[in-house]
1. Ignoring ligands and nucleic acids, what accessible area does A:M1 show with a 1.4 Å probe (Å², nearest 10)?
2. Once you charge only the Cβ atoms, +1 for Lys and Arg and -1 for Asp and Glu, what is the size of the charge dipole of chain B about its Cα centre, to the nearest 20 debye?
3. Could you derive backbone 3J(HN,Hα) for the range B:132-138 from the dihedral phi with the Karplus parameters 6.51, -1.76 and 1.60 (θ = phi - 60°), listing whole Hz in sequence and x where the residue is Gly or Pro?
4. For each pair in B:K10/C:K93; A:K10/A:K93; A:K10/B:K93; C:K10/C:K93, compute the distance between the two Cα atoms and list the pairs where it is over 23 Å.
5. On a 0 to 90° scale, report how tilted helix A:57-70 is relative to the longest principal axis of chain A, with both axes built from alpha carbons and the result rounded to the nearest 10.
6. Taking the Cα centre as origin and putting +1 on Lys and Arg beta-carbons and -1 on Asp and Glu beta-carbons, what dipole magnitude results for the protein assembly as shown, to the nearest 20 debye?
7. Taking a label point 7 Å out from Cα toward Cβ, give me the nm distances from B:A26 to the same spot in the other copies, shortest first, one decimal.
8. Taking the 0 to 90 degree range and rounding to the nearest ten, how far is the long axis of helix C:87-97 tilted relative to the main principal axis of chain C, both from C-alpha atoms?
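The values are calculated or read from the model by the stated rules, or taken from the named source; none is laboratory data. Just so it is clear, the structure is predicted and the values come from calculations on it, not from any experiment. Note: ideal-geometry Cβ built from the backbone for every residue, glycine included; neighbour counts use all protein chains shown. Surface accessibility is based on the protein's heavy atoms, side chains included, excluding ligands, DNA and RNA. Shrake-Rupley method; radii C 1.70, N 1.55, O 1.52, S 1.80 Å.
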Amino acid sequence: MWHTCDLTLKPHPRGFHLITREVVAALPELSTLRVGLLHVFIRHTSASLTLSENASPEVRRDFERYFNHAVPERWREYEHTLEGDDDMPAHIKAALLGPSLTLPILGGRLHLGTWQGIYLCEHRDRGGARTLTLTLQGEQEVRTASSPK
Amino acid sequence: MWHTCDLTLKPHPRGFHLITREVVAALPELSTLRVGLLHVFIRHTSASLTLSENASPEVRRDFERYFNHAVPERWREYEHTLEGDDDMPAHIKAALLGPSLTLPILGGRLHLGTWQGIYLCEHRDRGGARTLTLTLQGEQEVRTASSPK
Amino acid sequence: MWHTCDLTLKPHPRGFHLITREVVAALPELSTLRVGLLHVFIRHTSASLTLSENASPEVRRDFERYFNHAVPERWREYEHTLEGDDDMPAHIKAALLGPSLTLPILGGRLHLGTWQGIYLCEHRDRGGARTLTLTLQGEQEVRTASSPK
């Protein structure tokens, strides 16, 4: 079974944001899969996706501070400066974190660890609405004639 | 064909560890696939997976030294410090390296380069036993009636 | 439907290089897929793959400068120095960027964002020819009897 759809997220401020709930809500088909994989892909080069701690907003703020420190703006070595101080660092941060996640599915649900949540990593000051492509594949539950309706 | 199982690894000390053998040993089904993909996923946010040089223990020690340098402990900007000095750096290292690997399968075996091995990257001082979710999918060998038994 | 092939790229100089065209040209089968995923995997530990801005050569040069700065050669802490000054940094850069990409397919084409291109990241001074393993999977278009020939 294959299913795909695009999901456009509302604009998020620069920083790291939990979006697990939005992603799952966009995929009612997920519940029919006995086993499978969900591929979440961001169609942009200045925002990215990662999986991390889903409980503390402090963790997400520390991510933002760390990446601003590790990939500074206005570094004198940048050649590509035309699109703003936040543009070239955004491309590098996005490459470090990656444009996609592949997540296991078991018994009709994402099979994540207790503390794992999907982060949208918005690296631009005004990145606007970001679009994800969600691709679901797997094996569906076998429903026998005697299954309860 | 789809197959999935969870594999709990024994506790590893902080550092980078080769686990290719354990992963393959947990998947006898792999040998039946003509072509396919293996998805290896770690169900934690303070340990990660990567693929790198499988011969020299020096390389794995250099990885540990590099990441300790690049993502320092006790950085004055961290806000999330409640769970120990090694916790917030562990989340960041895990995001940089990533929570999963997708590996090609050909002729019943992982189709990796000669020097590629799967690393468990343990970023905590006492991370304990870590659980992986292994997902195998692909096309099985066609066995004809005339195949040798 | 599953399809796999190895693609050996001509040697590239150290740096970041757009290879979307070569990858797509190696996969005529891609055009038959209604929905699916392409897995691109590099069979080496000192070169990597990423997805980033496909228009400006400046961006690719800034990537090379940034990663040389973030993962320096001849760092006094490296233990693994036998294979050249560029070797250990190459392994670390490759782990940061990753050995594979999984890309959505829709209507017989890669379903990427407008500005997304596949980069070969060559981290060695003389890395030579690099081999990719391409794995295509998905659902093919249904062709009815009345389809035009």
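1. Ignoring ligands and nucleic acids, A:M1 comes out at about 60 Å².
2. Computed about the Cα centre, the dipole is about 520 debye.
3. 9, 9, 9, 10, 10, 9, x
4. Pairs exceeding the cut-off: B:K10/C:K93; A:K10/B:K93.
5. For A:57-70 against chain A, the angle is about 40 degrees.
6. 1160 debye
7. 3.0, 3.0
8. Helix C:87-97 sits roughly 40 degrees off the main axis of chain C.
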